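Worksheet: one structure, shown below.
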Amino acid sequence: MRCLIIDGYNAISKIKEFDAKKDINLESSRLSFIKALADFRHRNSSFDKIIIVFDGKSEGLGLGRQTYGDIEVLFSNKDKDADKVIVDILKISSGKNKITVASDDNFIKNHARAFGCGITSVRELEDLISLKKKAQRSKIIEKDIGNKDQDAITNELKKYWGVK
């Protein structure tokens, strides 16, 4: 299984679109980020599963867990931060799955390397998930070529296709 593990708050804080929402409402920022990843997952099958790990200060003994289709969202507890949760996931899963880790945190990147996982920067992640928006901006602008040129093109095509 190809899995993308994302250091949640590290990514949100470095992607302007989501960081701006963080100051207004952290939950809104997280949900916008998850939605963008869900959209990415629907149009791109490079990963079978996406796991986002956020720091959470819950009093519970285990991890807080939510699922959005193929996207799993984990919240660490007060005894273990998101970085350590990610490292634990890498320890358990790195030999079984092809894992790519998205983070700019050196602690996480060094552990990902140690477990033989791929690494992508938050900037590269941003480029991946915003691919749809870039494609819309790069549409070819049609230029009006005028009737005379249109007729010339039509006549050339008729000759080429053998149509009178």
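Quick note: the coordinates plus some simple rules give every number you see, no bench work behind them. Source: prediction; values computed, not measured. All Cβ positions, even for glycine, are placed from backbone atoms using ideal geometry, and neighbour counts span all protein chains on display.
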request  = Could you list the GluC sites (Glu not before Pro) in segment 1-61 that lie in coil according to DSSP, counting only those with at most 14 other Cβ atoms within 10 Å of their Cβ?
outcome  = E59
ask   = Once the other residues with Cβ under 13 Å from the Cβ of I71 are scored (Lys, Arg +1; Asp, Glu -1), what is the net sum?
value = +1
task = Determine the percent antiparallel among the DSSP beta bridges restricted to the chain, to the nearest 5.
result = 20
remark   = Non-local residues with an amide H under 5 Å from the amide H of I119, with H modelled 1.01 Å from N and Pro and chain starts lacking one, are V101
query = Given labels modelled 7 Å from the Cα in the Cβ direction, how far is it in nm from D79 to L157?
reply = 7.1
request  = Place a label point 7 angstrom from the Cα of R123 along the Cα-to-Cβ direction, then list the residues of segment 91-113 whose backbone nitrogen is under 14 Å away.
outcome  = 103-105
inquiry  = At 7 Å along Cα-to-Cβ for each site, give me the label-to-label distance between I145 and E72 in nm.
reply    = 5.4
request  = Pull up the cross-link candidates among the aspartates and glutamates for K21, meaning alpha carbon to alpha carbon under 18 Å and not fewer than 8 places away within one chain.
outcome  = D7, D55, E126
request  = Using the structure shown, list the pairs from K22/K80; K78/K109; K35/K91; K16/K91; K14/K35 with a Cα-Cα distance above 25 Å, or answer none.
outcome  = K35/K91; K16/K91
Distant-in-sequence amide H partners of E72 (H built 1.01 Å from N, under 5 Å) = I50, I51, I52
key: Counted charge near E156, where neighbours are those whose Cβ lies closer than 15 Å (Asp, Glu -1; Lys, Arg +1)   = +2
Per-residue ³J(HN,Hα) for segment 100-117, Karplus 6.51 cos²θ - 1.76 cosθ + 1.60, θ = phi - 60°, Hz, x for Gly and Pro = 10, 10, 10, 6, 10, 7, 4, 4, 5, 4, 5, 5, 4, 4, 4, 8, x, 8
request  = Evaluate the Kirkwood expression for the hydrodynamic radius of segment 2-161, namely the inverse of the mean inverse distance over all pairs of different C-alpha atoms, and round to one decimal in Å.
outcome  = 17.9
